[in-house]
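S.K.: Dumping the structure here so I can ask a few things about it.
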Amino acid sequence: MVKLTGLKKIKTAVFISGAGSNLKNLIKFSKIKKSPISIGLIFSNTPKAKGLRYSNQFNIKKYVASFKNSKIAEEKILNLLKKESIEFICLAGFMKILSKGFIKKFNGKIVNIHPSLLPKYKGLDTHIKAIQNKDKLAGCTVHSVTAKLDSGKIILQKKVKISKKDTPASLAKKVLSQEHKLYPAAIKRIFN
Ligand code: GRF
């Protein structure tokens, strides 16, 4: 008789373009027994992404493909995702927009973390906009990915107070530390 020792984790790819602090945080989260995901692949559209170093550090496969020709890049990624049996994608500072065709063909869940309280401030420069508009609150959002930028269903949000002394850089730092709490919490909410 087969003894069930626990549920199988959902094999996940993390897409990055930069520092990868959310990636590192998700890798650490994935190693907790109660985490619903395991990280099986790191993808970057640029070899310059500093977060790629976590591939060696945590022994996770990495793949880099330029999005200069996004159609070719997406085809290559889709093949790899299939080969690696990836069922879930977390975008974490990924600076490219995935096509409608990619989202449909992947046929799995894709989520993103965005450094604003969506639907406010889609796109770039969220912290500059929040400070310029004299907002009292900023924050971060984990949402489902659709073909429309930063517009999919909101899964979870976390608010952060903006103080009078905040600069875009200090606010980014405050929000990022909340992102590291929010992303795992949102993933738990999706799968539990
Ligand atoms: C985060 O603020 C994320 O919300 C945004 O880009 C930043 C990426 O940071 N999309 P990191 O690469 O995870 O450190």
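S.K.: Quick one: ILE16 ticks every box in (1) of a type in the set (Val, Ile, Thr); (2) more than 18 Å from the chain's Cα centre (by Cα); (3) under 19 Å from VAL145 (Cβ atoms) except a single one, so which number is it?
M.R.: Result: ILE16 passes all but (2).
S.K.: Look through the stretch 130-145, keep the residues that are surrounded by 15 or more Cβ atoms within 10 Å (Cβ to Cβ) and away from the ligand (no atom under 14 Å from the Cβ), and return whichever of them is farthest from LEU171 (Cα to Cα).
M.R.: If we filter the stretch 130-145 for residues that are surrounded by 15 or more Cβ atoms within 10 Å (Cβ to Cβ), which is where we start, we get 130-131, 135, 138-145.
Checking the rest, the ones that are also away from the ligand (no atom under 14 Å from the Cβ) come to 131, 135, 144.
On the way: ILE131: 9, ASP135: 12, SER144: 24 Å.
Per the stated criteria, the residue is SER144.
S.K.: Can you report the number of residues in the stretch 170-182 which are within 12 Å of the ligand (Cβ to nearest atom) and in contact (Cβ under 8 Å) with a residue 12 or more places away in the chain? First the steps, then the outcome.
M.R.: Restricting attention to the stretch 170-182, the residues satisfying the condition of being within 12 Å of the ligand (Cβ to nearest atom) are 171-180, 182.
When the remaining residues are screened for being in contact (Cβ under 8 Å) with a residue 12 or more places away in the chain, the result is 171-172, 174-176, 178-180, 182.
Selection size over the stretch 170-182: 9.
S.K.: Let me ask you something else. For ILE155, state whether it is in contact with a strand residue (DSSP E or B) (Cβ under 6 Å, 6 or more places away or on another chain), surrounded by fewer than 21 Cβ atoms within 10 Å (Cβ to Cβ), of a type in the set (A, V, I, L, M, F, W, C) and in a strand (DSSP E or B). Break it down into steps so the answer makes sense when it comes.
M.R.: Values: in contact with a strand residue (DSSP E or B) (Cβ under 6 Å, 6 or more places away or on another chain): yes; surrounded by fewer than 21 Cβ atoms within 10 Å (Cβ to Cβ): yes; of a type in the set (A, V, I, L, M, F, W, C): yes; in a strand (DSSP E or B): yes.
It is true that ILE155 is in contact with a strand residue (DSSP E or B) (Cβ under 6 Å, 6 or more places away or on another chain), surrounded by fewer than 21 Cβ atoms within 10 Å (Cβ to Cβ), of a type in the set (A, V, I, L, M, F, W, C) and in a strand (DSSP E or B).
S.K.: Right, something else. Name every residue in the stretch 42-73 that is away from the ligand (no atom under 16 Å from the Cβ) and touching a Leu at 6+ places or on another chain (Cβ under 7 Å), in order of residue number.
M.R.: LYS61, TYR63
S.K.: What about SER85, is it away from the ligand (no atom under 15 Å from the Cβ), in contact (Cβ under 8 Å) with a residue 60 or more places away in the chain, surrounded by fewer than 18 Cβ atoms within 10 Å (Cβ to Cβ) and of a type in the set (Ser, Thr, Tyr)? Break it down stepwise before answering.
M.R.: Numbers: away from the ligand (no atom under 15 Å from the Cβ): yes; in contact (Cβ under 8 Å) with a residue 60 or more places away in the chain: yes; surrounded by fewer than 18 Cβ atoms within 10 Å (Cβ to Cβ): yes; of a type in the set (Ser, Thr, Tyr): yes.
Against the criterion (away from the ligand (no atom under 15 Å from the Cβ), in contact (Cβ under 8 Å) with a residue 60 or more places away in the chain, surrounded by fewer than 18 Cβ atoms within 10 Å (Cβ to Cβ) and of a type in the set (Ser, Thr, Tyr)), SER85 qualifies.
Rule-based calculations on the coordinates, nothing more; no lab input. None of these values were measured; they are calculated from a predicted model. No Cβ is skipped: glycine too gets one built from the backbone with ideal geometry, and neighbour counts run over all protein chains shown.
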